[in-house]
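Notes follow the structure.
Rule-based calculations on the coordinates, nothing more; no lab input. Treat the numbers as computed from the prediction; the structure is a model and nothing was measured. Every residue, glycine as well, gets a Cβ built from its backbone with ideal geometry; the counts of neighbours run over all protein chains shown.
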Amino acid sequence: MNSSFIKFLALVFLLTAYRSGSDAQEAAGPNVLAYSSIQAAIDENPGKMIFVPPGDYLLTNAVVIRHSGSGLYGFGRLIQANTNAPIIEVREASDVRLRDLTLTRTSGALDSPNSAVRADNCLRLRLEGLRVRNNRSPSAAVALDTCDESEVVRCHIENYMTLSVDDRVASPHYGYAFNCIDGTGIAVQRSREVLLQGNRVIERELRPTRELKERHRLGQFIRRAPKKGTLLNQKTWDAGYVNNWHQGSGIVVSSPERTAHVRIIDNHVENGAQGIDIHADFVTVTGNQVINCFMGLKAMHGSRHVLIANNQFVRNDLWSIGLMPGASSHAALPASDSTPARSANVDAGHIVANNIITDFGYGDSGWIWGTGNYTTAPIFFDKGQEPDDPPLRDVVVTGNLVYDSGREGVLTNGLWQTQLPRYRYAVHIDARTNGPQGLRFHGNLFQPGTEGISNQKLDP
């Protein structure tokens, strides 16, 4: 062996020994089996990591971590029997770590209004290698609120959605409540400098089928406000039905005037409603696989400087990439007698680069949205939701591929048959009042839809 290879082997040995020694040192610390409960072990060892060996641990209340430097690690399975409680709560603590645990709920009580992991007002929280299974909730399975400099890495979240009611009666924009499927895998709000990397967020059971829609009257209004909301058209109000009854997101990052500098990297999101939902500034979204979500990715409500690069979007049905202003977007607001001045909250300055969009229209939700829908397109740039929303502006779109998978043939009645594209345009730009401005396209390959490449001229 040459000297360089020997040095390499020595380096590998030293790194392995360091990792093994670190694990052994932690394992030599407090062990949950020496205490009456996991909570007792945490309370009697503030600031220490607690080892949770393999086995099942039944909970009737949330495990609460309040001390900085505390945490849990090991291959134990925490099973929550109380539907009215999260599984783990972390409150106002720094440098807390949760690693390698399995978190779930008791059979027959999988549906809960609560998250599996709820963290509030934390700094440098790290969640690594968790397996969160069957926490069926309209809340996020993993929810971080005001958790700066935190990380959620290599976690596996499976079967997180539930049947629910989306109640928008009090909202002046909507004014109704409707039956839906709801649930989110990972949610981050009011947080800065966050890393979401290498996570798998998959829903395997609640899928948007016709049978499920009919059985649970999904999309049907069950309550109304005295008058229609401002963002709802009269036809929908009269029908008492909306087709966006598949709610929630695989990953959502929100609070655009607070949340910033978030990296969403190398995650796998499958069979969700919205894949990745962004309402934040300075966000990097790269290397992700978003599969069979009716909406691949959207950024709106005052998102600035979002980099969307090198992602795979497969089997989306409404759009794969959508950029638009929203009701929370606004121009700079001067001070008044009752409110202080506010800076602008605009949707601008994005780069969309080197993404591959394939099998568009072949997802579970294709029957809901259809191919004739005005807004159905692999790449969609929308006008504002409200007339006073500042327009989407200054977006560079380069090196992207929209691939017409139907041209390769689809298996139909045992035969491979070519099909027309399941989109009218590869790119749709809503150029009505306060429509997008300053879009620049270069070096893309957009295979045309049934009516062409784009409904508007694409400026280089």
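Between 0 and 90 degrees, the angle of helix 3-27 with respect to the longest Cα principal axis of the chain falls at about 70 degrees. Mean separation of Cα pairs under 8 Å and 6 or more residues apart, divided by the residue count, gives the chain a relative contact order of 8 percent. Using only alpha carbons, the chain has a radius of gyration to Kirkwood radius ratio (Rg to Rh) of 1.01. Taking Lys and Arg as +1 and Asp and Glu as -1, the other residues whose beta-carbon sits under 12 Å from that of Cys180 total 0. The distance linking the stretch 50-109 with the stretch 189-221 is 23 Å (Cα centroid to Cα centroid, whole angstrom).
Compared with the direct C-alpha span, the chain from Ala109 to Lys228 gains 39.2 nm at full extension, assuming 0.36 nm per residue. Among Phe178, Phe221, Phe360, the order by Cβ neighbours within 10 angstrom, fewest to most, reads Phe221, Phe178, Phe360. By the count of neighbouring beta-carbon atoms within 10 Å, fewest first, Val194, Val64 end up ordered Val64, Val194. Maximal additional length on extending the Asp238-Arg217 stretch stands at 5.9 nm, based on 0.36 nm per residue less the C-alpha distance.
Using a ≥ b ≥ c from the Cα gyration tensor of the stretch 331-460 (square roots of the eigenvalues), is it rounded, prolate or oblate, where a/c under 1.5 gives rounded and otherwise the larger of a/b and b/c decides, a/b for prolate? It is prolate, given that a/c is not under 1.5 and a/b is the larger ratio. Taking only the alpha carbons of the stretch 165-279, we obtain Rg and Dmax values of 16.3, 46 Å in that order.
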